[in-house]
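A short worksheet on the structure shown next.
The values are calculated or read from the model by the stated rules, or taken from the named source; none is laboratory data. Computed from a predicted model, the values in this text were never measured in an experiment. Reconstructed Cβ throughout: ideal geometry from the backbone, glycine too, with neighbour counts over all protein chains shown. Side chains are part of the model used for accessible areas, which takes the heavy atoms of the whole protein and leaves out ligands, DNA and RNA. Shrake-Rupley method; radii C 1.70, N 1.55, O 1.52, S 1.80 Å.
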Amino acid sequence: MSVREGHLVELVDEEGQAVGSATVSRSHQAPGLLHRAFSVFLRDAEGRVLLQQRAAVKTRFPLRWGNTCCGHPQPGEAVTVAADRRLAEELAVRDIPLTEAGTYTYRATDPVTGRVEYEYDHVLFGTLPEGVLPRPDPDEIAELRWVHPSSLRAELSAAPELYAPWLAGVFEVLTERSGGR
């Protein structure tokens, strides 16, 4: 079990109100405990979004493509503070101003590991400054790629099995906030 599997997450009700805490590991055991999470999308000057292919060692949905970065704030921790920490850990990118686009609640069971994602997911976005190059941690990320939103929408429709099950939902929250871009 990775160190992060022992970290605490904030359990929430359907409205996103805190109701307790549990470890990452426990909250992802079937049937899953609803907990706070975040999904970050970084964009470039062309409006493309940065996707990551999750590392093979991930306990939930390994090798599937997802948004730039995601994770869990600790109980009582601001979502943007947690997201900034995870961007630094996963991509060696720091101090990117992030804006919340909205939230997305979902439940998905990994068919391979049996682990459950049941998350009240805060969707955040920011712009990667020109000249800043992400350096992915290979324990977290297998590969990175930039994609135009219109291409991503088509890819999600054509081959959803290649993507993390939350990606379509959080992407819709992002595009609703940014006028379809």
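Tabulated results
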{"item": "Meets criteria (open to solvent by 30 Å² or more (accessible area, probe 1.4 Å) and in contact with a strand residue (DSSP E or B) (Cβ under 7 Å, 6 or more places away or on another chain)) for Tyr118", "result": "yes"}
{"item": "Any chance Ala108 is assigned to a strand (DSSP E or B), small (Gly, Ala, Ser) and open to solvent by less than 20 Å² (accessible area, probe 1.4 Å)", "result": "yes"}
{"item": "Search result, residues across region 156-174 that are out of contact with any helix residue (DSSP H, G or I) (no Cβ under 6 Å at 6 or more places or on another chain) and aliphatic (A, V, I, L, M)", "result": "Ala158, Ala159, Leu162, Ala164, Leu167, Val170, Val173, Leu174"}
{"item": "Selection count where residues are in a loop (DSSP other than H, G, I, E, B) and open to solvent by 10 Å² or more (accessible area, probe 1.4 Å), scope region 61-79", "result": "9"}
{"item": "Number of positions in region 1-57 that are closer than 27 Å to Thr99 by Cβ and β-branched (Val, Ile, Thr)", "result": "6"}
{"item": "Sole exception among (1) in a strand (DSSP E or B); (2) surrounded by fewer than 21 Cβ atoms within 10 Å (Cβ to Cβ); (3) not aromatic (Phe, Trp, Tyr) for Val9, by number", "result": "(2)"}
{"item": "Among residues of region 80-105, those that are under 12 Å from Ala37 (Cβ atoms) and either open to solvent by less than 20 Å² (accessible area, probe 1.4 Å) or part of a loop (DSSP other than H, G, I, E, B) (or both), counted", "result": "3"}
{"item": "Count of residues meeting criterion [under 25 Å from Arg64 (Cα atoms) and open to solvent by 20 Å² or more (accessible area, probe 1.4 Å)] in region 26-52", "result": "11"}
{"item": "Pairs with Cβ under 8 Å, 6+ apart, first in region 69-90 and among the hydrophobic types (A, V, I, L, M, F, W, C), second in a helix (DSSP H, G or I)", "result": "Cys69/Ala83; Cys69/Arg86; Cys69/Leu87; Cys69/Glu90; Cys69/Leu91; Cys70/Arg86"}
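Residues are listed down the side, and each one gets a yes or a no for (1) part of a strand (DSSP E or B); (2) under 16 Å from Val170 (Cα atoms); (3) modelled with pLDDT under 95:
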{"residue": "Glu14", "(1), (2), (3)": "no, no, no"}
{"residue": "Pro31", "(1), (2), (3)": "no, no, no"}
{"residue": "Val40", "(1), (2), (3)": "yes, yes, no"}
{"residue": "Leu50", "(1), (2), (3)": "yes, yes, no"}
{"residue": "Thr59", "(1), (2), (3)": "no, no, yes"}
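Each row is one residue, and each column tells you yes or no for (1) within 23 Å of Pro73 (Cβ to Cβ); (2) within 16 Å of the chain's Cα centre (by Cα); (3) part of a loop (DSSP other than H, G, I, E, B).
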position: Tyr120; (1), (2), (3): yes, yes, no
position: Val123; (1), (2), (3): yes, yes, no
position: Pro129; (1), (2), (3): no, no, yes
position: Pro136; (1), (2), (3): yes, yes, yes
position: Ala142; (1), (2), (3): no, yes, no
position: Arg145; (1), (2), (3): no, yes, no
position: Arg153; (1), (2), (3): no, no, no
position: Glu161; (1), (2), (3): no, no, no
